[in-house]
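Written out below as structure tokens is the structure these notes cover.
None of the figures in this text is laboratory data; all of them are computed from the coordinates on show. These figures come from a predicted structure and were not determined experimentally. Neighbour counts are summed over all protein chains in view; Cβ atoms, including those assigned to glycine, are modelled from backbone coordinates with ideal geometry.
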Amino acid sequence: MVGVAIVRDGRVLAAYRPDPGGGWEFPGGKAEPGETEEQAAVREIREELDLEIKVGESLGPAVDISERYRLQVYRASIVAGDPVLREHAELRWFAPAELDEADWLIPDRPFVRRLRELP
């Protein structure tokens with residue numbers, strides 16, 4: 001699994017997923033066979049948000065979500081487009097000081113902490 005922390009003008013884009021349990025997450029999804037995590041990130045963001053992105057560095061080590069899946073989150077910037085709400089209930093740009101106000105899904109929380117530590 002790959003998540004993408006899209007940064008624009010010092011703010012981070014997050015998506016609200018109501019099920020299961022509800023919470024904010026970095027948009028993304030599963031890599032297809034033969035696809036790198038970076039390629040999956042580009043494809044998933046194109047499908048979910050109608051954005052073209054440039055994938056940057058990973059936000060540290062991957063986190064286990066289940067016995068089958070691990071989550072890795074990458075920082076990215078927008079190359080073209082504006083986010084379109086397609087698969088989530090809501091999208092929001094968070095300033096760094098607002099990141100702790102959101103109810104993040106458990107697998108995304110370590111990446112939120114790491115994102116705050118980046119310049």
Review point. What ranking do R70, R17 get, fewest neighbouring Cβ atoms within 10 angstrom at the top?
Key: R70, R17
Practice item. In debye, nearest 20, what is the charge dipole magnitude of the chain about its Cα centre with +1 on Lys and Arg Cβ and -1 on Asp and Glu Cβ, if you could check? Key: 240
Check your understanding: Each residue of the stretch 10-24 in order: what ³J(HN,Hα) in whole Hz does its phi give by Karplus 6.51 cos²θ - 1.76 cosθ + 1.60, θ = phi - 60°, with x for Gly and Pro?
Key -> x, 10, 10, 7, 10, 10, 9, 10, x, 10, x, x, x, x, 8
**Study point:** Among E25, E52, E67: highest mean-square fluctuation, GNM of the chain, C-alpha pairs under 10 Å
**Key:** E67
**Study point:** Euclidean distance between Cα centres, the stretch 14-46 to the stretch 49-113, Å
**Key:** 8
Exercise for review: Would you kindly derive the ³J(HN,Hα) couplings of the stretch 27-41 from the backbone phi angles with the Karplus curve 6.51 cos²θ - 1.76 cosθ + 1.60 (θ = phi - 60°), listing them in order in whole Hz, with x for Gly and Pro?
Suggested key: x, x, x, 8, 6, 8, x, x, 9, 6, 4, 5, 5, 4, 4
Check your understanding: Which one of P18, P110, H88 is farthest out on the positive end of the charge dipole of the stretch 2-117, using unit charges on Cβ (Lys, Arg +1; Asp, Glu -1) and the Cα centre as origin?
Key -> P110
Check your understanding: When the distances between all Cα atoms of the chain are binned every 5 Å from zero, what whole-number percent does each bin get?
Key -> 2, 12, 24, 27, 23, 10, 2, 0
Revision key, fill the gap. Simple spin-label estimate for L85/K30, 7 Å along Cα→Cβ, in nm, reads 2.7
**Study point:** Fewest-first sequence of Y74, Y16, Y69 by Cβ atoms within 10 Å of each Cβ
**Key:** Y69, Y16, Y74
Practice item. Apply 1/(1 + (r/R0)^6) to the Cβ-Cβ distance of R92 and D50, taking R0 = 22 Å, and write down the FRET efficiency to the nearest 0.05. Key: 0.85
Revision key, fill the gap. Most fluctuating of P107, P20, P83 in the GNM of the chain (C-alpha, under 10 Å) is P20
